[in-house]
1. Mind grabbing the accessible area of Leu117 for me, 1.4 Å probe, Å², rounded to tens?
2. In nm, give the distance between the simple-model label positions of Asp147 and Gln90, each being 7 Å from the Cα along the Cα-to-Cβ direction.
3. Can you pull the accessible area of Ser108 for me, 1.4 Å probe, Å² to the nearest 10?
Amino acid sequence: MSEEQVPGTAGAPVGGGKRRGWVRWARFAGPLVGAVIGVTAANWGQLWHSGHADADAHAVVVLPAAVEGYAQQTDADAAALVQQILAQGQGKKGIGTHVAGVYGPDGSSDVVVVEALTGHAGHPDQDIADDIDKQRAATGVTMSPVDAGPLGGKAVCGTGTSQGAAAAICEWIDADTFGRLVWSGALAADGPSHLQEIRAQIEHTY
């Protein structure tokens, strides 16, 4: 049975300045993440082997308490975006634990969106190569291979401009997990440099 981790639904930050920041966040980060997750949602069948659907992955994924020093956002807008991400995997054969969260300065439009899941990848090399082309078409961000780090597998990252704002995307895939990080606004500039650090917070092998 799939497990999901969803942030709380605490009320939106109070105060005009903070709320305006979240309106801008919803305007730019929301559509960006929607375009990013749409690529994978259309490709679930290729990402996961149906023959391994009931097998246990040799890894677990969890949401960190903080990412790049920022706490998880529990604003209603953030919770809605997380629900949108998790909905893409609901009922999909082969997916185990599926987690997502939004992190960033309180009331800011600069955020990091985290998504990770367990399962059994069908063809990691081809899957990640295909996603580079599809994400470029959907978001305007061009990713290229990077060092996946000690946890292994394949990883790609890229920066660019999407939905009128600075954006960065990193993805990793191995035999047991798939993960994605999306940065929006000021956090996008050096976001990919944090890939290995953030992945180590999320993915734990056994």
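The values are calculated or read from the model by the stated rules, or taken from the named source; none is laboratory data. All figures in this text were calculated on a predicted structure; none of them were measured in a lab. Virtual Cβ from ideal backbone geometry, glycine too; neighbours counted across all protein chains shown. Accessible surface areas use protein heavy atoms only, side chains included; no ligands, DNA or RNA. Shrake-Rupley method; radii C 1.70, N 1.55, O 1.52, S 1.80 Å.
1. 0
2. Between Asp147 and Gln90, the simple spin-label model gives 4.1 nm.
3. Rounded to the nearest 10, the figure is 20 Å².
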